[in-house]
Structure formats: C-alpha cells, structure tokens
1. Out of B:48, B:56, report the one residue that is farther than 30 Å from residue B:179 by Cβ, more than 14 Å from chain A (Cβ to nearest Cβ) and free of Cβ contacts under 8 Å to residues at least 40 places away in the same chain.
2. Which helices (runs of 4 or more DSSP H) does the range A:301-401 wholly contain that include 2 or more residues that are in contact with a strand residue (DSSP E or B) (Cβ under 8 Å, 6 or more places away or on another chain)?
3. Of the residues B:222, B:291, which single one is part of a helix (DSSP H, G or I), over 28 Å from residue A:418 (Cα atoms) and either within 12 Å of chain A (Cβ to nearest Cβ) or at pLDDT below 85 (or both)?
4. Quick one: in the range B:97-126, of everything that is free of Cβ contacts under 8 Å to residues at least 60 places away in the same chain and assigned to a loop (DSSP other than H, G, I, E, B), which residue is nearest to the chain's Cα centre (by Cα)?
5. Against the condition under 19 Å from residue A:414 (Cα atoms) and in contact with a strand residue (DSSP E or B) (Cβ under 8 Å, 6 or more places away or on another chain), how does residue A:206 come out, does it pass?
6. Taking residue A:101 as the residue in question, decide whether it is in a loop (DSSP other than H, G, I, E, B) and either touching a residue at least 12 places away in the same chain (Cβ under 8 Å) or within 14 Å of chain B (Cβ to nearest Cβ) (or both).
7. Could we say that residue A:417 is away from chain B (no Cβ under 14 Å), part of a helix (DSSP H, G or I) and surrounded by fewer than 23 Cβ atoms within 10 Å (Cβ to Cβ) here?
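The values are calculated or read from the model by the stated rules, or taken from the named source; none is laboratory data. Since we're looking at a predicted model, the values are computed, not measured. A quick note on method: Cβ atoms are made from the backbone with ideal geometry, for glycine too, and the neighbour counts reach across all protein chains shown.
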C-alpha cells in the first residue's frame, strides 16, 4: 500500500518536470530567423514577403519564420508579444511603433539591445533624418530600424463631388466648416468617420489638436508644456465637437476602411485617415487624382504627423546574428524600396529611388523632406501604450457626450498620471 | 460508514494529483492576482512594491469602471429573466408531448454547442444598423422600427439600450440549455400529482402555476447559478459582437481587464478588475455551495 502511495506521489511530482523538459526541447538551436509582426493583409503582407525574399537571397541557409498575429493596429499582436517577452521566449525581431511605443514599453523594461553599432557600420546616421533617429533613440543609444514612414494628418476627398459643387479642398479649419456646410446643404455627408475601435476617433482628434494648437504646442501636450485643460486645448476640443456635427450618424458601427468606402461610394465627401487609406483606395481600383484626392488635414499644412513601423533587437534573441542581418536588410536602400511601394508608405531613408513610388507617395516624400515633423498619438509615437489606452477611454466617452470640460479634465488627469512616472 | 486509516490514505493519494494541480493553477494564482492588485506593477517588468488599496481606489473612481459595473448588473438581470422565462416556456411546450420531441429538443439545445465567438460575429451582422435587421424592416415597410441597435449610446437610467441586442444574442444561445434543465425538472414531477389536479378540474395554466412551478424551485436555483456565473464573467460574446460600444454602452469588466492588462500593460489595475469579478461570482456561488453542503 505504502508503495502505491509513493509511486503516485512520484508520478504527481514528475508531471511538471516532464512539461518543462518538453518545453526546453523546443528551443533547440537551428538556423532560423523568426520575425514577429501584425502584417497579415494585402499590401503589407506583400511588402513583408518582399523583405523576406531579399533576406533569403542573401542568406539562403536561414529558414525564415513569419510569425504574424492578425488584428488592426497590432491590438492582438501586442498582447501576444508581451506574453512571449515576459516568458523569456522573444522572437528574433519584432515590429514596433517608433517613439514612446518602443521606448516606454520595451526600452525602459530593459528588454532591447542597443543597435547603434549597426547604424555606424552601415553609415545610416546620415541616411535617416535626425528627427526619425531621435524617435527610436533613448539616452544616446538607437534601438530600432524604421522600415517605413506613414503620414497621419491627411484629408481624403471625393474629387467628382468637389467638382460637382464647385468646391476646393479646405486648407484651414474655417474653410473646412464652409465646405462642410455647403455639402450638408446639398445632402452629402461631409465627413466619414468609422470609430468602432475608438482609435479612429483619436486619429481625427490628433489632427484637430495639431491644427488648433500648432506643431510646438501640440508637441507640448506630450511633455507637459501644454496643459490639456488649458484654454488652447479646450478650444481644440470645441472644434472637434463642431466637426462631429458633420459626421455620418452610423460612425460607431464602422471601421476606418468602411468609412473610406463611403467616400468612394459618394455617400460622404471626405475622411481624415492615415495614408494607408491610399492603399485601400488603390485596392478598390480608384484613380488617384481623378476619383479621389488628398490634402494635409485642415489647418495642418506644412506639418507632417508621422508614425513609423520599426524593427528592433530583443535581448536574448535566439538567433542574434541572423537578426542583425535582418535589420541590415530592413534599413538598406533595397529593403526600403522593396517594402514601401507595396505597403503604400514612404521610405524612412532620404536616398532611395523616387521613381519606384506612385503619385501620392511622391508627394508625401516631398512633404516629408520639407515639413515640420510631429509624432502621432493614435499610433504609438507620441505617448506610451498605457497613456494612449487612457486617451482612447476618454475619447470613447467624449465622442458621445461631447462634454468638453469633463474630457479636458480627464485628459489632464491622464497626462499627470503618466508624466509623473 | 467507517473507513480504515489505510483506505483513507488510498483515497487521499488518489485525489492528491488533481488537488495539487488545482492548488497551484487555481488557488495559488488567485492569491497571486490579489497580491498583484496591491502592487505598483505597471509596465512589463514585475514590480511588487506594496501600495495598499491605491489601485482599488483609482479603479473605483473611474467612470468606465462604474459604467461596467452597472452594465454587468443590467445585463445579468435581463439575461437571467429572459433565459428562465423562455426555458420554462419551451420545456412546458415540449412536456405536453409534441410529436418529434427529440428533434425539437436538439434544435433548441443546438445553439449552446456553438462557440460564443462564432455567434458573436453572426449577431454583429444581424444587428448591424445599415445592412442587418434594419434593412429587412425597411424592405417590409417598418422604417419606424429601425434604430441604431448596439451603436446607440442612449441610456435609460443606468440601462444602456445598446445592451439589448447583446442580451438577445446571449439568451438565444443559452435558453435552450435552460430548457433542457427545466424539461428534466418537469419530468421529475410525479405524474399522479398532475393527474389528480386534472381530475379536480384545474386548467393547464393553473397546474403550471400552482403545481409545476413550485416543484421546479431547486432547478430554477441551479439554472440561475449556472447562467449567472456565465453572464458575470462574459467576455467572448461581447468582445466579438460589439466590443466596448459607443461611450462604453456594451462594455463589461472582462473587456476592461483585458485592455488594461494586455494593451495598457497596467498589471496592478488589471488585477483589481479580475479580483472584483471574482468577488461578483463568489457572491453568487458561495451561498449556493454552503446551502447544498448543509443539505448533504
């Protein structure tokens, strides 16, 4: 009898041990490269494949593993990645938004290896604009390689509708309200919004904040120099509430691409969205410049609100040298020119081949070279993930109750909370 | 029954493995979550600095959390009432001895076997304000009945009208299960009792009200417990169907917990939400367990 008990006890205690042993066997070293991203659809997946093709032609012995997790803006992927990193099972390199999304989440947690040496070896310190390098740096060290640049503050409009009513694209906020009023009289929804996931409303708000405050005061929101409950910020929130008057009533049920479809169908005249909307219009066989056109979102001419997808080197990457080679491919001229025309974004380097890009992207490249650069909050550049999550919560209430004072004080509370850390 | 020491040992040894696993993976992690909820852990690196109830205070003062609490309450109450009423009604109909009872029983029970994720996506399209049920009503000339469904942020008192489609979806999925429970209940009522009432000239409705329903009390309690713990921790159905909704009209604590912990990397406050959810379920389950334990 005692024997049985002992055997059972041994079995019980052995089970966890076996589980750990099985786990350990999986990390057996093989010549691989595992890249983690949320690029699963359309142009972005094609762009990623193009990068993999370049990598495989340079390093044919390495088996490339494409670890993707679907979901817009990486909402699901980020949760999976956090679990893997905390569990000590990092991929070799992963997609991360430049700016606070990189620094406040990963660098301060001491999970990233500085890669300044790659920039020095490859001579990239002159190839990438200083403003972009600053966004992926912390305390003098660089932590990731930008694969692309997206612009957030773009107003897309239906060209035939504007021609039909003899309207010109609104450059200032005042012009926007004039145009919106005329369109509303004609029975066309002026502005399409699809904020089912909330970040789309944040996206519209950041353009309005930038227009109303100007680039310097906008940047001040993120370091405490501009108070969120001050008169300037409140005025911007007032403008935002006024703009909501011209938005489609079913915005809470739509995603950003369904809102863009309203513009294509002529049910709405304009939409404010990042330049991945250009990729959507192209995929829907719209002619850029003829069926749809674009302009910096009202009041933000001369400013380029940017976000960037970058790749970094996690500490403890299982195949570190393969990962370093991957980063070299991502930052190379060939890599940038292979990835970006497919993804529908512009290269982060300034010395690439302009002819490979279409009419919209060329105009964005021109603006990027001469405009003031500011960081987007809806896409992880201007504020940490935690702060951006709180901002989304406030906006979710604000869009429906339109209470400027309560929103301003909630924003201010979130800012105080996160800036004190 | 008197058991020898040896037999006791044997019994203990047999349950030991499952007991250990349960202790580690359930109770240890509950305790650990509680510890995290009292810590300053924010960001990816664990930080167990003790901060007392600070996270609880900041969480309870948040508007979103207050809305979530009220949503859970209104969702749970409406869902329980709808499920129990529908369940009793369906079971009563089947108990009348319809033809092909087995077929109907399976049809009613079937929704329960589908994943909440799948039904969530389907119901999202059904109640989509432009292409869903609204389009159908427009086609048959009932425009005045169309409304925004889960996109409507209106609330009556504390009740968000956007919860109505979610309540319908959840009840659709689980009222069949409730029916099965009540059908078993109906079957366990002695036939003599009902026959006797019929002989005395009672109407069928009177029998249901005065004879069957009182006999179904224990079943109703079990049904409420099972359904109640479903609805108090609901996540997948709401997450795939409506998400948090406009102004958190359809938000529930589980979604808030997921977003706080895994999107905002705020582990301390995320743990607070899970502890509150645990407390909710405990309030329902513990009195039930105590009462069944006493009876035994």
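1. Numbers: B:56 fails: free of Cβ contacts under 8 Å to residues at least 40 places away in the same chain.
Going through B:48, B:56 in turn, just one is farther than 30 Å from residue B:179 by Cβ, more than 14 Å from chain A (Cβ to nearest Cβ) and free of Cβ contacts under 8 Å to residues at least 40 places away in the same chain: B:48.
2. Details: elements: A:320-331, A:333-343, A:359-370, A:385-401.
Of the helices (runs of 4 or more DSSP H) lying wholly inside the range A:301-401, those with at least 2 residues that are in contact with a strand residue (DSSP E or B) (Cβ under 8 Å, 6 or more places away or on another chain) span A:320-331, A:359-370.
3. Unique residue meeting the criteria: B:291.
4. Filtering first and then ranking leaves B:114.
5. It is true that residue A:206 is under 19 Å from residue A:414 (Cα atoms) and in contact with a strand residue (DSSP E or B) (Cβ under 8 Å, 6 or more places away or on another chain).
6. Taking the combined requirement at face value, the residue does not satisfy it.
7. Criteria not met by residue A:417.
To keep it simple, each residue is scored yes or no on (1) within 20 Å of the chain's Cα centre (by Cα); (2) buried (at least 18 other Cβ atoms within 10 Å of the Cβ); (3) over 30 Å from residue B:243 (Cβ atoms); (4) in the same structural domain as residue A:101 (by TED's automatic domain parsing).
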position	(1), (2), (3), (4)
A:187	no, no, yes, no
A:194	yes, yes, no, no
A:198	yes, yes, no, no
A:203	yes, yes, no, no
A:209	yes, yes, no, no
A:216	no, no, yes, no
A:219	yes, yes, yes, no
A:224	no, no, yes, no
A:230	no, no, yes, no
